[in-house]
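Read through the structure below, which is laid out as structure tokens, and then see the notes.
Every number in this text was worked out from the coordinates using simple rules, so none of it is lab data. Owing to the predicted nature of the structure, the values given are computational and were not obtained by experimental measurement. Positions of Cβ are backbone-derived with ideal geometry, glycine not excepted, and every protein chain shown enters the neighbour counts.
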Amino acid sequence: MLGPFFGREHILELSDGALLLRPPRQADFNEWRRVRLASRAFLKPFEPVWAETELTQGSFRARIRRYAREIAEETGFTFFLYALEEDEDPRLIGGITLSNIRRRVAQAGTIGYWMAADEAGKGWMTRAVGLLLPFSFHKLGLHRVEAACLPHNKASIRVLEKNGFRQEGLAEKYLLIDGKWQDHLLFGLTVERYEDGWSN
């Protein structure tokens, strides 16, 4: 367990000076809803079907409670992505999650992410994954981080490859995305490969 690292006296934030990752808060609802609505058509082919109720304040409150519980139990960590620009308030541009954390003989977790439509292709998600990896390996002590993406999602494949992930196979009808069971490419990165600078 990470103990006081997640106490109230310490805010769980990851940053490289240009990008901030922090857990969502109740006060983020309006901005989150605006970004999700503006990006709905862009994200639809890559995500599970969202019910209309998903964008309500009540649903968002339930999300925040679930995120807090997962952090406390160290089974998952959800972050919002904020672009940091001089003389401007941080701008919400997406989200990233380390979920399905398995301990015992696995010591592994799975990452997933989404990006606002007007921020896609700017390198933000590559940076976000780059910030999440040392947290996953060095703070949480995981041995392996995994990801899956649709075979035609070239942008997501580039994000993973730029961070050292290896393609490991194809999972048939792996996830229910956009209302259909779809094949996914599977990627993985071990702490050994990460610390070796992806040389092996």
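Here are a few things to note about the model shown:
- Taking Cβ atoms as reference points and 11 Å as the exclusive limit, the residues near Pro48 contribute a net charge of -1, counting Lys and Arg as +1 and Asp and Glu as -1.
- Neighbourhood charge, 13 Å Cβ-Cβ cut-off, centred on Ala38 and excluding it, Lys, Arg +1 and Asp, Glu -1: +3
- Adding -39500 (n - 2.57) for every DSSP H run of four residues or longer, then dividing by how many residues the chain holds, sets the calculated 222 nm ellipticity at -8000 deg cm²/dmol.
- Of the peptides 137-147, 64-74, the order by per-residue mean of other Cβ atoms within 10 Å, starting with the highest, comes out as 137-147, 64-74.
- Shape category assigned to region 72-156 from the gyration tensor of Cα positions, a/c cut at 1.5: oblate
- Per-selection metrics, region 3-195 (Cα): Rg and Dmax in Å: 16.3, 48
- Region 1-152, dipole about Cα centre (Lys/Arg Cβ +1, Asp/Glu Cβ -1), debye to the nearest 20: 720
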